[in-house]
Amino acid sequence: MNVDPDSQKHHSVTVVTLMLDEKGNPLKEAEFQHNIYPENNIKYIPYFEKELKKFIKTTKFEPANYRGYPIKCETSFFIHYK
């Protein structure tokens, strides 16, 4: 998933992508994409990722359903920083 840098010129965004099993549990490590503004805030990326990993570990996600049956899926969510 791409984040358009021009549309987010004065805001920071992190996109988190997860692969979930049929029960909503993460199958592998989350993937992070960051668009940080101003650039001197890039030093905080490890902190953001550490906190997001804690959030993912303690959150119960709902799996996707296909015809009423839970399935493996990929899902993404955005965190928007001002």
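Pairs, please: C-beta under 8 Å, at least 6 apart or cross-chain, first residue free of Cβ contacts under 8 Å to residues at least 12 places away in the same chain and in segment 11-28, second part of a strand (DSSP E or B) and open to solvent by 10 Å² or more (accessible area, probe 1.4 Å)?
LYS28/MET19
Could you look through segment 36-54, keep only residues that are surrounded by 13 or more Cβ atoms within 10 Å (Cβ to Cβ) and of a type in the set (Phe, Trp, Tyr), and pick out the one that is modelled with the lowest pLDDT?
Applying the filter and picking the extreme gives TYR37.
Conditions tested, residue by residue: (1) under 17 Å from LYS23 (Cα atoms); (2) more than 13 Å from the chain's Cα centre (by Cα); (3) surrounded by 12 or more Cβ atoms within 10 Å (Cβ to Cβ).
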{"residue": "LYS60", "(1), (2), (3)": "yes, yes, no"}
{"residue": "TYR66", "(1), (2), (3)": "yes, yes, no"}
{"residue": "TYR69", "(1), (2), (3)": "yes, yes, no"}
{"residue": "CYS73", "(1), (2), (3)": "yes, yes, yes"}
{"residue": "SER76", "(1), (2), (3)": "yes, no, yes"}
{"residue": "HIS80", "(1), (2), (3)": "no, no, no"}
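Kindly indicate which of GLU31, GLU62 is farther than 18 Å from TYR81 by Cβ and at pLDDT 95 or above.
GLU31
The values are calculated or read from the model by the stated rules, or taken from the named source; none is laboratory data. All values derive from a computational prediction rather than experimental measurement. For neighbour counting, all protein chains shown are included, and Cβ atoms are generated from backbone atoms with ideal geometry for every residue, glycine included. Please note that ligands, DNA and RNA were not included when accessible areas were found on the heavy atoms of the full protein model with its side chains. Shrake-Rupley method; radii C 1.70, N 1.55, O 1.52, S 1.80 Å.
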